[in-house]
Each structure stands twice: as C-alpha cells, then as structure tokens.
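Engineer: Sharing a structure with you now.
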Amino acid sequence: MLGMHAVLEAEGTATEKLHMLIDFQIGFFRRLRPFGRLLLRYGNASLLSDPNELDAVIANNVAESMGLQSALFAAGQTTGEFRAGDATVLAHLFSGLMAAYQSVDPSIMSDGTDTGERLSLPELHQLVARAFSV
C-alpha cells in the first residue's frame with residue numbers, strides 16, 4: 001500500500017496519477033509474480049466471499065485500495081478530467097480492467113520465459129484513457 005500511496009500523493013493531475021497508477025500496479029505484479037497471483041485470487045474472491053473468510057490484511061488492503069482509487073476518480077471529476085459517474089463504480093471498473101490485464105499478462109502468469117505482452121502497456125494506457133477521460 002505504501003507504493004500506491006506514494007503514487008497518489010505525488011505531484012500531478014488526476015490523469016497523470018491514473019497513468020502512474022497503471023504503471024505501478026502492472027510493475028508491482030510483474031516484480032512480485034507469486035504474490036501478484038495470490039492477490040489476484042483474493043481480490044476477485046472478495047467480490048464473492050464473506051469478508052470474514054478472507055485474510056483480514058488483504059481484505060483491508062483491497063478496501064483501502066478501492067477507497068484511494070475512488071478518491072482519485074472523484075478528484076478527476078472535480079477538475080473535469082474524468083467522465084461523470086459514481087466514483088466508486090469507476091474505481092471498481094478500473095480495478096477490474098487492471099485485474100483482467102494482469103490475469104493474462106505472461107510476465108505475471110507464466111512460469112516460463114514468456115514475458116511478452118498480449119496487449120502492450122501503451123495500448124492499456126490508451127484503453128484506460130478512452131474509458132475514463134473526458
């Protein structure tokens with residue numbers, strides 16, 4: 001969570017911070033592949049499971065992460081950078097895009113030497129910009 005806080009507390013517009021967050025999240029999962037895989041399982045399970053069934057630390061981190069992302073979307077809406085809509089819903093949509101990307105990223109999911117990208121990082125940035133920017 002420290003890295004996410006650092007990104008979101010850095011200088012920059014909401015749009016710049018959103019793109020820094022993409023780079024941070026993808027880079028984090030690529031550097032810590034086994035942990036990233038575990039977090040993908042827990043993060044998605046938190047939508048389906050009773051929070052008491054999840055490890056409390058991971059559940060709290062997921063909740064904090066969603067709160068931080070919601071605040072980023074609300075800030076971007078205030079400055080006219082992001083589209084209108086419930087900031088929490090937009091944060092969950094963003095989180096879902098990141099999880100979907102990570103779940104098929106060979107750099108994260110492959111145990112072999114396949115570290116190619118099925119969708120390049122610049123293409124992911126472009127997709128996110130088109131989805132959320134005004």
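Read-outs: derived from the displayed coordinates by stated rules, not from any lab. All figures in this text were calculated on a predicted structure; none of them were measured in a lab. Glycine also receives a Cβ, built like all others from the backbone with ideal geometry; neighbour counts cover every protein chain displayed.
Engineer: Run the simple label-point estimate for residue 56 and residue 120 please: 7 Å along Cα→C-beta, distance reported in nm.
Structural biologist: 4.7
Engineer: When 118, 37 are ordered from fewest to most other Cβ atoms inside 10 Å of their Cβ, what list results?
Structural biologist: Neighbour counts put them in this order, fewest first: 118, 37.
Engineer: Amide H to amide H under 5 Å from residue 82: which residues, 5+ apart in sequence or cross-chain, H placed 1.01 Å off N in plane?
Structural biologist: 77, 134
Engineer: Counting only helical runs of four or more DSSP H residues, what would the 222 nm mean residue ellipticity of the chain come to if each run contributes -39,500 (n - 2.57) and the total is spread over all its residues?
Structural biologist: Helices in the chain give a 222 nm mean residue ellipticity of -22500 deg cm²/dmol.
Engineer: If you add up the charges near residue 12, with Lys and Arg at +1 and Asp and Glu at -1, over every other residue whose beta carbon is less than 13 angstrom from its beta carbon, what do you get?
Structural biologist: Numbers: positive: 17; negative: 9, 11, 16, 23, 81.
Taking every Cβ under 13 Å from that of residue 12, the sum is -4.
Engineer: Using only the C-alpha atoms of the chain, find the volume of their convex hull and express it per residue in Å³.
Structural biologist: In the chain, the Cα hull volume divided by residue count equals 104 Å³.
Engineer: For residue 131 paired with residue 92, estimate the spin-label separation in nm (one decimal), with each label point 7 Å from Cα along the Cα-to-Cβ line.
Structural biologist: It works out to 1.4 nm between the two label points.
Engineer: Another one. How large is the charge dipole for the range 2-132, taken about the Cα centre, if only the Cβ atoms of Lys, Arg (+1) and Asp, Glu (-1) carry charge, to the nearest 20 debye?
Structural biologist: 200
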